[in-house]
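**Q** I am attaching a structure below and will ask some questions about it afterwards.
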Amino acid sequence: MNNLVVLPIIIPLITGLVLAIFNRQIRLHRLLSLLATLSISVVAILLMNQVAIDGPQILQLGNWEAPFGISLVADMLSAILVLTTGIVVSCCLLYAFASIGRERELKYFYPLVLFLLTGVNGSFLTGDIFNLFVCFEVMLVASYVLISLGGTKLQLRESFKYILVNLISSFLFLVSIAYLYGMLGSLNMAHLSARVAEAGQVGLLIPVSILFLIVFSIKAGLLLFYWLPGSYSAPPAVIGAIFAALLTKVGAYAIIRIFSLIFYHDPQITHSLIGILAGISMLLGAIGAVAYWDIKRILTYNVIISIGLILAGFASFNQIGLTGSVYYIVHDMLVKALIFLAGGTVIYVTGTSKIREISGLIQLHPQLGWMFFIGTLSLAGIPPLSGFVGKVLITGGTFQADYFWLGGIGLLTSLMALYSLMKIFMNCFWGNTELTPEMEKGSTRGLLFPIGILAALTFLLGLGAEGIYQYVELAAKGLLDPGIYIGAVLGSNPIP
Amino acid sequence: METLMSILVGLLFAIGTYLILSKRILRIILGTSIIGYAVNLLILTMGGLKTGAPPILGQEALSFTDPLPQALLLTAIVINFATTALILVLSYRAYQELGTDDMEELRGKEDE
């Protein structure tokens, strides 16, 4: 029992509720929301160290014993992801201070981000599959409001489609939970895992596992990403950055958790299917990223490529591939936030997202240009930046599992991603400077600092890979051996 | 009884899917809420309908009804209620702003 585990969920929840009461005190909103996200990061670091020493940390809510109550579980993967979430949201909040605008701030922007954070952290930490659904909904309802906040025509049009797709996938999630409960009679993930191991993953359990895969694929944008490019490019840059960095990763986390803890007995069917889906979505995402000439479109298609790559590492299901996947999720959360914020700043300064209409920005904004360049290189996997380590490990993992085609697609699409981002860089930052400082639509004051932090972090994650590697490796070990998780949750209780 | 419920769930799913495939926003929203009811009934049925006495301490019976599906159901209903309210408000606002409730006219990728 460790009360620390619940803090990443209740800190943003309570702060958000308090802020909703004082809805006109914008300074208080800024201060408290930043404090909340920073304190989540601190808690996550404490948790990481405890997990490294003592194994997964558990909290049985209301002191109900494991299979009956709701368990919160912080294993290494969850702790790492909560830490990254805290850091990324802190940077996005700093960016929002200067860019989101008073009107949206007054309409509860900060409380909504905190509620979103509640749902995201809850999804990472919960050990109960119905609670996972509830946390998903908390996150999604906050995202529904964030995506339509401000009410421009484009936002209203896209948010309706976004809500509809997510509503349907939530229903499917409930359906699959109902089937699972009907067959196995439990909702606790550790208990479910023990029961599936006992009964064997045969018969109807396979279609149910595929149904779970479909649900999480919609949320993660794995192959079923038709809704993603439109809806992620509708809201302002900072909201797009939070979505791109967090929401799809929560879906990817759910796939990784469910298929490493519960349905891991038949990788021939489930994991090779995940591999095929990952390969196709990498290819389609890369084609989309290369084809468009619009900053927002190119960036959103890059989200799809990286989700494919993360799950390609997971599909290989060996130590190297899983380590690569975990490392790449962390890297991708940081770099996606970086590149979305940098791209958003370009749009903010020039007032357009069409890259053919922009040129020569490097004269006016050298720092912005170089930070965008760092993000590009990191995303493509150039050493010593953080993407390199992740890509090497994922490719190694897929090769070891004999999925040569999957590793090949990963490398090919990395090249295409590099091309698509260099296209933005060359068109926007090189060439004749047509813009004068007076013609700019907005100033970059206060916007460059958070982008700078993220750029520094991707350097650190690449150079300090050695130090971080031990934690990531521990997370991958936990995924390969569900016994650690089950033992920590159910303890010495005989499994009823 | 379970068979009858299963058929009902299937029927509601079919109606909901049919409504979602239509063009008007309001019909789509009604479709989602009908699918919501279908899902709720499914959860209830999967837990087993009335298999024994109510699960209260002090009851003397050989078997008890599983109370968990009902707890899940309540949560699902509340969430469904909230999202339906949100999407109704949003669609009304979208109708005011965009002047149409036809999904055919809401497609397209160009920004205004």
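The values are calculated or read from the model by the stated rules, or taken from the named source; none is laboratory data. Just so it is clear, the model here is predicted, and its values are computed rather than measured. Cβ atoms come from the backbone with ideal geometry, glycine included; neighbour counts cover every protein chain shown. In case anyone asks, the SASA skips ligands and DNA or RNA and just uses the protein heavy atoms, side chains included. Shrake-Rupley method; radii C 1.70, N 1.55, O 1.52, S 1.80 Å.
**Q** In degrees between 0 and 90, to the nearest 10, how far off the longest principal axis of chain B does helix B:68-98 point, with axes built from Cα atoms?
**A** With rounding to tens, the tilt is 10 degrees.
**Q** Next question. Can you grab the distance from the C-alpha centre of the range A:152-187 to the C-alpha centre of the range A:439-496, Å, no decimals?
**A** Answer, in whole Å: 27.
**Q** How large are Rg and Dmax for the range A:1-114 when only the alpha carbon atoms are used, in Å?
**A** Both quantities, over Cα of the range A:1-114: 15.9, 48 Å.
**Q** Write down Rg/Rh for the range A:74-231, rounded to two decimals, with Rg from the C-alpha atoms and Rh from the Kirkwood relation over Cα pairs.
**A** Result for the range A:74-231 is an Rg/Rh of 1.03.
**Q** Tell me, how many Å apart are the Cα centres for the range B:1-54 and for the range A:283-324?
**A** 36 Å
**Q** Now a separate question. If the limit is 30 Å between Cα atoms, which of A:Lys161/A:Lys477; A:Lys219/A:Lys477; A:Lys249/A:Lys296; A:Lys296/B:Lys23 go over it? Intermediate values should be presented prior to the final figure.
**A** On the way: A:Lys161/A:Lys477 39 Å; A:Lys219/A:Lys477 26 Å; A:Lys249/A:Lys296 19 Å; A:Lys296/B:Lys23 28 Å.
Among A:Lys161/A:Lys477; A:Lys219/A:Lys477; A:Lys249/A:Lys296; A:Lys296/B:Lys23, the Cα-Cα distance tops 30 Å for A:Lys161/A:Lys477.
**Q** Considering the options A:Leu187, A:Thr118, A:Leu167, tell which one lies farthest towards the positive end of the dipole of the range A:78-189, charges being +1 on Lys and Arg and -1 on Asp and Glu at the Cβ, about the Cα centre.
**A** A:Leu167
**Q** Any idea of the accessible area per residue across the range B:8-112, 1.4 Å probe, to the nearest Å²?
**A** Numbers: 6310 Å² over 105 residues.
Heavy-atom accessible area per residue stands at 60 Å².
**Q** Loop-only check: which GluC sites (Glu not before Pro) in the range B:1-97 are DSSP coil with at most 11 other Cβ within 10 angstrom? Display every interim value, and only then the final one.
**A** Details: sites: B:Glu2, B:Glu60, B:Glu97; in loops: B:Glu60.
Loop-located and lightly packed - B:Glu60.
**Q** OK, next. Angle, helix A:448-463 long axis vs. longest principal axis of chain A, Cα atoms, 0 to 90°, nearest 10?
**A** On a 0 to 90 degree scale, this one is about 50.
**Q** Projecting each Cα onto the charge dipole of chain A (Lys/Arg +1, Asp/Glu -1 at the beta carbon, about the Cα centre), which of A:Leu361, A:Phe372, A:Leu146 comes out farthest on the positive side?
**A** A:Leu361
**Q** Quick one: divide the alpha-carbon radius of gyration of the range A:392-496 by 2.2 N^0.38 Å and tell me what you get. Kindly include the intermediate steps, with their values, before the conclusion.
**A** On the way: Rg = 22.7 Å, N = 105, 2.2 N^0.38 = 12.9 Å.
The range A:392-496 yields a ratio of 1.76.
**Q** Kindly provide the helix-only [θ] at 222 nm of chain B, computed as the sum of -39,500 (n - 2.57) over DSSP H runs of four or more divided by all residues, to the nearest 500 deg cm²/dmol? Display every interim value, and only then the final one.
**A** Values: 3 runs with 72 residues, N = 112.
Calculated from helices alone, the mean residue ellipticity at 222 nm is -22500 deg cm²/dmol.
**Q** Let me ask something additional. Run lengths n ≥ 4 of DSSP H only: what is the helix-derived mean residue ellipticity at 222 nm for chain A, with -39500 (n - 2.57) per run over all residues, to the nearest 500? Write down the numbers at each step before the final one.
**A** Values: 22 runs with 371 residues, N = 496.
Result for chain A: -25000 deg cm²/dmol, rounded to the nearest 500.
**Q** Only four residue types carry charge here, +1 at the Cβ of Lys and Arg and -1 at the Cβ of Asp and Glu. Report the dipole size of chain A about the Cα centre in Debye, rounded to the nearest 20. Show your work: numbers first, answer last.
**A** Numbers: 23 positive and 20 negative charges, 261 e Å.
Around 1260 debye, computed over chain A.
**Q** Hey, what did chain A get for relative contact order, percent, Cα under 8 Å, at least 6 apart? Each step should come with its number before you reach the end.
**A** On the way: 828 pairs, mean separation 84.0, N = 496.
Here the relative contact order equals 17 percent.
**Q** Next question, about the same structure. Interface A/B, total buried accessible area with a 1.4 Å probe, nearest 100 Å²?
**A** On the way: alone 17980 and 8550 Å², together 23320 Å².
Roughly 3200 Å² of accessible surface disappears when A and B pair.
**Q** Over the alpha-carbon set of chain B, work out the extent along each principal axis and list the three values in angstrom, largest first.
**A** Between the extreme Cα coordinates on each principal axis of chain B lie 68, 26, 19 Å.
**Q** Another one. Tell me the angle of helix A:76-99 to the major Cα principal axis of chain A, expressed in degrees between 0 and 90 and rounded to the nearest ten.
**A** Compared with the principal axis, the helix lies near 20 degrees.
**Q** Follow-up question, since we're still on this one. What would the Debye formula give as log10 I(q)/I(0) at q = 0.16, 0.20 Å⁻¹ for the alpha-carbon point model of the range A:141-274, no solvent?
**A** So the normalised log intensities work out to -0.81, -1.09.
**Q** Let me ask you something else. What does the accessible area of B:Thr3 come to, in Å² to the nearest 10, when a probe of 1.4 Å is used?
**A** 100 Å²
**Q** OK, next. Positive end of the dipole of chain A, charges at C-beta (+1 Lys, Arg; -1 Asp, Glu), about the Cα centre: which of A:Ile424, A:Thr84, A:Thr458 has its Cα farthest in that direction?
**A** Going by the Cα projections, it comes out as A:Ile424.
**Q** OK, next. In square angstrom, what is the accessible area per residue of the range A:408-465 with a 1.4 angstrom probe?
**A** Values: 2980 Å² over 58 residues.
Spelled out: the 1.4 Å probe surface of the range A:408-465, per residue, equals 51 Å².
**Q** Tell me, Kirkwood radius of chain A from alpha-carbon pair distances, in Å?
**A** Values: mean 1/r = 0.0444 Å⁻¹.
Computed over chain A, the radius equals 22.5 Å.
**Q** Treating only the Cβ of Lys, Arg, Asp and Glu as charged (+1, +1, -1, -1), what charge dipole size does the range A:78-179 show about its Cα centre? Round to the nearest 20 debye. Mind dumping the intermediate values first?
**A** On the way: 6 positive and 5 negative charges, 73 e Å.
That gives a dipole near 340 debye.
**Q** At a cut-off of 50 Å², which residues of the range B:11-34 become less accessible once all protein chains are present than in their chain alone, using a 1.4 Å probe?
**A** The answer is B:Thr32 - residues whose exposure falls by at least 50 Å² when every protein chain is included.
**Q** If you place +1 on the Cβ of every Lys and Arg and -1 on the Cβ of every Asp and Glu, how big does the dipole about the Cα centre of the range A:400-469 come out, in debye to the nearest 20?
**A** Numbers: 3 positive and 5 negative charges, 22 e Å.
Magnitude of the dipole: close to 100 debye.
**Q** Accessible area per residue, 1.4 Å probe, Å², for the range A:228-355: what's the number?
**A** Numbers: 2180 Å² over 128 residues.
Normalised by residue count, the accessible surface of the range A:228-355 is 17 Å².
**Q** Another question about this same structure. Counting only protein heavy atoms and using a 1.4 Å probe, what share of the accessible area of the range A:3-489 belongs to carbon plus sulfur, as a whole percent?
**A** Numbers: 10620 of 15700 Å².
In the range A:3-489, the share of accessible area belonging to carbon and sulfur is 68 percent.
**Q** Ignore the peptide's own chain and count Cβ atoms of other chains within 10 Å of each Cβ in A:155-168; give me the average, rounded.
**A** On the way: counts 2, 9, 10, 3, 5, 12, 3, 0, 7, 9, 0, 1, 12, 6.
Per-residue shielding by partner chains comes out at 6.
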